[in-house]
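Taking it in order: structure first as structure tokens, then the write-up.
The values are calculated or read from the model by the stated rules, or taken from the named source; none is laboratory data. This is a predicted model, so every value here is computed, not measured. Note that we place each Cβ from the backbone using ideal geometry, even for glycine, and neighbour counts take in every protein chain shown. Surface accessibility is based on the protein's heavy atoms, side chains included, excluding ligands, DNA and RNA. Shrake-Rupley method; radii C 1.70, N 1.55, O 1.52, S 1.80 Å.
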Amino acid sequence: MKDVAIVSFAQRQEAQISNESEVEMMIPLMEQAKEAVGLSQRDMGFTCSGSSDFLAGQAFSFVMTIDGTGPVPPISESHVEQDGAWALYEAWVKLQCEDIDTAFVYSYGKSSPGSLRDVLATQMDPYYVAPLWPDAYAIEGLAARMLLDSGKVSEQQLAEIASRSRLNAATNPHAVRNEKKSVEEILAEPYLADPLRPSDIGAIADGGAAMVLATGDRARSLCERPVWIRGIDHRSDAHTLGVRDLTSAMSATIAAEKSGVGADRIDLAELAAPFTTSEAVLTEALGLGDGVSVNPSGGALAANTMMAAGLIRFGEIFERIARGDGDRGVAHATSGRCLQQNLVAVLEGE
Amino acid sequence: MGKERTAVIGVGQTKYASTRGDVSMAGLLREAAQRALDTAHKTWSDIDAVVMGKAPDFFEGVMMPEIYLAEALGCVGKPIMRVHTAGSVGGSTACVAASMVQSRVHSTVLTIAWEKQSESNAMWALSLPQPFTTSVNAGAGGYFSPIMRRYMAMSDAPELIGCLVAFKDRQHALKNPYAHLHQHDLTFEQVVESPMLWDPIRYSETCPSSDGACAMVLTDEAGGDAHDGPVAWVSGTAMRSESNSYGGRNMVSPAASEQCADDVFAQAGIHDRRAEIDAVEMYVPFSWYEPMWLESLGFADKGKGWQLVESGATALDGGDLPVNPSGGVLSSNAIGASGMIRFAEAALQVMGEAGEHQVDGARTAFGHAYGGGAQYFAMWIVAKDK
Amino acid sequence: MPEEVLQAPLVLEYPFTGTTGPVVGRFLTGLREGVVLGVRRSDGTVMCPPLEYDPADASPLEEMVELPQSGEVVSWSWGGPRREQQPFDQPVAWALIQLDGADTPMLHAVLVDGPEQMSTGMRVQIKWRDEREGHITDICGFVPESDETGPKTASKTSTTVDLDSVEAVQSVRTPIRLNYSYTPGRALSEYLYAMKDKRIIGDRCGDTGQVFVPPRGVSPVAGKATIETVDLPDVGYVESFNITRVPIATRPDLEPPYCSAWIVLDGASVGFMGLVINCEPESVRLGMRVRAVWKPDEELEVSATNILGWEPTGEADEVIADIERIGRVGPQQKRGSAS
């Protein structure tokens, strides 16, 4: 396998970006990520993006957004209807098999035009579940109750996760929810989707991210401390909630094994956990021990940007390792309800 | 270490129809996937990963449906990806799946592309309402017909070339049991006399709206060598995209089309495209796109593509460059699947498995898809020999 | 950029229908007849609702078994106020309910007044809708087993219906209605505001000088934000066109045949689509000069609909030099032989 590294990253997340079209939102990020390493679109061996039509209520929204890359002359390009972490995965695969040494990845999502907790009902089984329009928070509430009933985690521990996210987010300019709150204050919040409190639920955000990948010596020539993708894997679980164990994440566990999470010490991890319960499940599923700094950015609880939350986790790890805040980290992305689909990567500085 | 050689060892398609009322969404995909597994002599447990493609989710009203389809596609505990590159998606999906094997990330991959258009209405899904404006053209035909008019003006092609293409593809479809349209009694005169929908495009020169799925099993060199049955070796894959609106853009032969073709033919070591390619499956949703793509892809000189059509060179019966022996998009159009059907039909030709629409002795075949405002392109070349 | 960026409500609504295939169809047929079916998996366990393919090994499943209509809450949540699309009259508890005789739970609602009435392990039973059609909502929801729930609630297995003798459900309504707030973004907003003053604006690429109309805030040639807006005249030429004889669903006012055309304004680098009006469609030509036909001044609004269409100017036709290409390479090219 070729060594592939992240060499630059740009992100933007806000509670609502209502003044800009998606391409207007993305151009500055695309420019910033490329300029950071002195590359233009023509230097990119491959480009891949991720987005969803359903979020913004527009078919083919990615067809407008591609203009932001400057695809004249034409570019070697693809798009996934998934979080940008899967676009990164596709680009990583391309870098493995093509005679290219750079790739450009971006993804974005604006949830604010619609109601995310309702829109996500259209992701459920179209015959048995979607016609009931269960909202996404209530669905996660089912998993949360099972987790609490199992004794694996307590409401106190969930509140601790929420409180830590807020604390960490206080220093993250991209966080949407960054006011500090104590565990007691969080436990005093009324339930929003019993047994989930407002602080248990990721703050929905609009935004996007852009990233440049490069291989081997090219990566070393582009930035001082490239952050290498040492392992990357993704897996799905069953869609049907009733047929899987909602207190664990089998697919995340497999992806963690395949990507080599357990092979060496992990300093930090960024998990695209949209709920405190997801973070609790993932921490166990990935085998992250006590010494690991989990979600130093505040994670997806502090800003949950659909279709980009996973790619942003890669970026958060990249920025920290690049500046020396740790050597080996884990980035995670998810899709579907209750951690159905999970992508895990091990990132490492030299 | 170059790319891992990649082989197509299984192809499966559904019967294409305006409504596949006998199956669920999952059942539609399974029909194609199971057939692909069967011809590959594989079971679900042999599959390392699934790469799925389809066009906009608004067609069926299910957001990111790969999530709901995980059980049906045997993906519990396995990776599944979802590609979406507009109309070219079926081809792009196959390219992405091939890269999974070429990179040695996986050994054996199932790739599948589909659409169940009967669940909604393509015109609705493709042109959702937008505030502050109003529609001034009707669907894809409204968008592409002016481009075809430009081609007709620049090439001085006889007016009925498009009808020749449509009639030829419908005749080809009669030899393909999976094709949606089986118009046994259709005559050339009926094509010519069919109503103008988007002048210069007649009703019979447009594609139908279909339900359907197409799947392939791809595997590595060892798997291809070991396969007890016909194999198609992938000798080139390429994708190119460009903006759909910039000054001086060549809409008739987009730069992305030409560059994608140059790339894929170079990978396959093909110099004389017309002479070295034995069968072509290209994305022709409107009749005139056959001569237009023949030129853009370098099978004919600029302005001369229509002459290949007129001479019968692109017909299965007697032509030296049969185009769309399966009947093409003009005979079956499950949008998200249409690109993969082209790729799969190209594979069937070099595997010698195309049945009644087999091109005799086909050794090298070309699969093609395009999408968006003729701005997304995916192509591959498959060969009988490694 | 003086004016506010535009926003408008957007409703995406479609009455989707899904065909069910035999397994899902059988289950829904059962619901219509007041019967609940599960499917037996290869390991002998029973799954309800029945999936068509086994999650464990993807094998097809078909052996349907009838199940009792009561069971146990495996997990539950309370989602708060009723949401607009939900088919319930009241806020509901969501629950995973394992029917007696099934080995996996199903997701549905429990009809209680509040979360205090819910507990893990509680017994519930189906409450049927009076009018049933073969749809998951034929089950109104579940109610606590002890409740007085009237004659429509069956408390044990019903074996009175022969599902082979009734018409099978083959398709199901799955309508979607989602509310969005649409924004065209900054560049298009500015364009739409200008329309109210009968002005057409484009935006210019700083690197190449290309002018795009309608403006999108981005130059695809440079991959950068555009640098300035420019006013364009409301005259140009027909780059290409069709004569359409099919109606547009959202335009009942538009009587076929009509002419949809790519219009290139003088000074613009790209064309956009518009209608050519006030002439016979058959008289439209490549290169024909046209000008905008605006709505009467008193009807002008912030909308692209202010331009009703484009009518011939009567000037000599534009000579299209490179007929394959749409739009002009540079912004400053002079018109061909137009007078």
### Message
Counting only Cα atoms, I'd like the Rg/Rh figure for region A:125-198, Kirkwood definition for Rh.
### Response
1.07
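Of all alpha-carbon pairs in region C:186-325, indicate the percentage at a distance above 19 angstrom.
54 percent
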### Query
What's log10 of I(q)/I(0) for region A:261-350 at q = 0.11, 0.17, 0.18 Å⁻¹, Debye sum over Cα points only, no solvent?
-0.25, -0.61, -0.69
### Message
So if the hydrodynamic radius of chain C is defined as the Kirkwood radius over C-alpha pairs, what does Stokes-Einstein give as its diffusion coefficient at 20 °C and 1.002 mPa s, in µm² per second?
### Response
84 µm²/s
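List the pairs from B:K3/B:K175; A:K110/C:K224; A:K152/C:K127; B:K42/B:K386; B:K54/B:K168; B:K78/C:K127 whose alpha-carbon separation is above 32 Å, in the order I gave them.
Values: B:K3/B:K175 36 Å; A:K110/C:K224 21 Å; A:K152/C:K127 34 Å; B:K42/B:K386 21 Å; B:K54/B:K168 28 Å; B:K78/C:K127 38 Å.
Going by Cα-Cα distance, B:K3/B:K175; A:K152/C:K127; B:K78/C:K127 fall outside the 32 Å limit.
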### Task
Could you name the lysines whose alpha carbon sits less than 19 Å from that of C:K295, not counting residues in the same chain fewer than 8 places away?
C:K196, C:K198
### Query
When we measure straight from the Cα of B:K15, which aspartates and glutamates land under 15 angstrom away, once same-chain ones fewer than 8 places off are left out?
B:E31, B:E115, B:D211, B:E345
## Note on the structure
Helix C:186-196 sits off the longest principal axis of the Cα atoms of chain C, rounded to the nearest 10 on a 0 to 90 degree scale, by 60 degrees
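Given a 1.4 Å probe, how much area per residue of chain A is accessible, in Å²?
27 Å²
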### Message
Cut-off 10 angstrom, C-alpha nodes, Gaussian network model of chain B. Which of B:L316, B:L330, B:L69 fluctuates the most?
### Response
B:L69
### Query
Based on the alpha-carbon gyration tensor of region C:17-177, what equivalent-ellipsoid semi-axes (square roots of 5 times the eigenvalues) come out, in whole Å, largest first?
24, 18, 17
### Message
Rounded to two decimals, what is the ratio between the C-alpha radius of gyration of chain A and 2.2 N^0.38 Å?
### Response
0.93
### Task
Compute the whole-percent fraction of alpha carbon pairs in chain B spaced more than 33 Å apart.
23 percent
### Task
Using only C-alpha atoms and all pairs of different ones, pull out the Kirkwood radius for region A:1-137 in Å with one decimal.
16.3 Å
### Message
Quick check on region C:39-105: take the gyration tensor over C-alpha atoms, sort the square-rooted eigenvalues as a ≥ b ≥ c, and tell me if it's rounded (a/c under 1.5), prolate or oblate.
### Response
prolate
### Query
Alpha carbon centre of region C:237-301 versus region C:50-76: separation in Å?
57 Å
### Query
For the protein assembly as shown, what is the mean residue ellipticity at 222 nm derived from helices alone (per DSSP H run of n ≥ 4: -39500 (n - 2.57); sum divided by total residues; nearest 500 deg cm²/dmol)?
-7500 deg cm²/dmol
#### Entry: Relative contact order (percent, whole number), chain C, Cα cutoff 8 Å, 6+ residue spacing
14 percent
### Message
For a quick size check, give me the Cα extents of region B:1-158 along its three principal axes, largest first, whole Å.
### Response
50, 38, 31
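Which trypsin sites (Lys or Arg not before Pro) does region A:119-203 hold that lie in a coil by DSSP with at most 12 other beta carbons within 10 Å?
Values: sites: A:R145, A:K152, A:R164, A:R166, A:R177, A:K180, A:K181; in loops: A:K152, A:R177, A:K180, A:K181.
Sites meeting the loop and neighbour criteria: A:K180.
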### Task
Excluding residues fewer than 8 places away in the same chain, name every one of the aspartates and glutamates whose C-alpha is closer than 12 Å to that of A:K258.
A:D233
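Quick one: if the Förster radius is 22 Å, what FRET efficiency do C:T250 and C:E84 give, using the C-beta to C-beta distance and rounding to 0.05?
On the way: r = 24 Å, r/R0 = 1.08.
Result of the calculation: an efficiency of 0.40.
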### Summary
With the 8 Å Cα cutoff and a minimum separation of six or more residues, chain A has a relative contact order in percent of 25 percent
### Query
Could you give the radius of gyration (one decimal) and Dmax (whole number) of the Cα atoms in the protein assembly as shown, in Å?
28.6, 89
#### Entry: Rounded to the nearest 20 debye, dipole of region A:205-304 from Cβ charges on Lys, Arg, Asp, Glu
320 debye
### Query
Using only Cα atoms, what Kirkwood radius does region A:178-297 have, in angstroms?
17.3 Å
### Task
Could you sort the residues of region C:52-85 by number and keep only those whose accessible area is reduced by 20 Å² or more in the all-protein-chain setting relative to the chain alone, 1.4 Å probe?
C:E52, C:Y53, C:P55, C:A58, C:V74, C:S75, C:W76, C:S77, C:W78, C:G79, C:R83, C:Q85
### Message
If you fit an axis through the alpha-carbon atoms of helix C:21-32 and take the longest principal axis of the Cα set of chain C, what angle between them do you get, 0 to 90°, nearest 10?
### Response
60 degrees
